[in-house]
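The values are calculated or read from the model by the stated rules, or taken from the named source; none is laboratory data. The structure presented is a predicted model; accordingly, all values stated were derived computationally and were not measured. Positions of Cβ are backbone-derived with ideal geometry, glycine not excepted, and every protein chain shown enters the neighbour counts. With ligands, DNA and RNA removed, areas are computed over all heavy atoms of the protein, side chains included. Shrake-Rupley method; radii C 1.70, N 1.55, O 1.52, S 1.80 Å.
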Amino acid sequence: MSVAFASDFSDVCQIKLAGLRNITVVEGKVDSLIQYVFVGVQKSLNNPLYKYFHPYEAEGYREAIRALRSIGRECIQMRIKALDNGEEVPNDILTCILKVASADETAHIETLVDDFLTFYVAGQETTANTLSFAVILVHQHPEVLERLLAEIDEVLGSRTSVTAEDLEKLKYTEQTLVGPMCQLPQYFDNPSTFNPSRFDPENKRPSPFVFYPFGVGHRACIGRHFAMVCDRMEAKQVLCRLLQTFRLTFPSDYKLSVMERTSRQPRDNMLCTLLPR
């Protein structure tokens, strides 16, 4: 996320976390705080009465949310001040949000905090989970791995840098990242089978009301296009370089199981061994 926002905001986070009273697991980093909030949100979703049975824990999660919003608010105010002073600022997502908001007289700071945190928080976990599923499933399907490595070798050769032009050519790699997403049995053949080829651009595209990982309509995910950019650029680049450099091996008895939290993710830790390829 430091690429999308030109910072991980750890300096602001360190200051804001210094005065917290109920949080003991946060290590002073934004991503640790976000994970802490995710746990609290999931517990509340699983048990609406959670805050009554565990008031001290619940207050810790609420305090974490307040801290996260405070960090977001300060980051926005710092960027607004820099823009007003004519300073050079990164051309990142936060700057884009503020430029759009500047043309809207009704824009409120708390709405900007909502938008900023939605992009920042959601963009961390979803891309990481997509990569986790892709790496596991690719190595459980040797024929997919073979085709994927062939494409990577063809496009990159011996180069270790990945350009924007390379990313456009890595079509099957992109399909591999989309492949783990959920599919409906009444519209897809063998929907539980990991088959990246079903998303080949030459095949008929599924209806947006059949394949909708980001929802549809007015309540569709605000970060839909941002997420697709992350998958097409960040996740694709990471997967490409990982498989180009290493040969991954998993325990023979490893079985992938899915856990439903604020997003879908592997239930167990993904333990693997990395060997030079």
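Mind listing the long-range amide H neighbours of Arg247? Cut-off is under 5 Å, sequence gap 5 or more, other chains count too, H placed in the peptide plane at 1.01 Å from N.
It is Leu275, Arg277, by chain and number.
With θ set to phi - 60° and the Karplus curve 6.51 cos²θ - 1.76 cosθ + 1.60, what are the ³J(HN,Hα) couplings of the stretch 44-58 in order, to the nearest whole Hz, using x for Gly and Pro?
Each residue of the stretch 44-58 in turn: 5, 5, 5, 9, x, 8, 4, 5, 7, 7, 10, x, 5, 4, 4 Hz.
Given C-alpha coordinates of the stretch 25-160, what is the ratio Rg to Rh with the Kirkwood estimate of Rh? Display every interim value, and only then the final one.
Numbers: Rg = 20.7 Å, Rh = 18.5 Å.
Ratio of gyration radius to Kirkwood radius for the stretch 25-160: 1.12.
Just the accessible area per residue of the stretch 47-171, please: how many Å² with a 1.4 Å probe? Provide the component values of the computation, followed by the final result.
Working: 6950 Å² over 125 residues.
So the stretch 47-171 comes to 56 Å² accessible per residue, rounded to a whole number.
Output the peptides 62-68, 255-261 sorted from most to least packed, where packing is the average of other Cβ atoms within 10 Å over each peptide's residues.
Working: 62-68: 18.0, 255-261: 12.0.
Per-residue mean Cβ counts within 10 Å order the peptides as 62-68, 255-261.
Which value, in Å² rounded to 10, gives the accessible area of Arg224 with a 1.4 Å probe and all protein chains present?
Only protein atoms counted, so the area is about 100 Å².
Pop the C-beta distance of Lys204 and Ala103 into the FRET formula with R0 = 45 Å and round what comes out to the nearest 0.05.
Working: r = 40 Å, r/R0 = 0.88.
Using R0 = 45 Å, I get an efficiency of 0.70.
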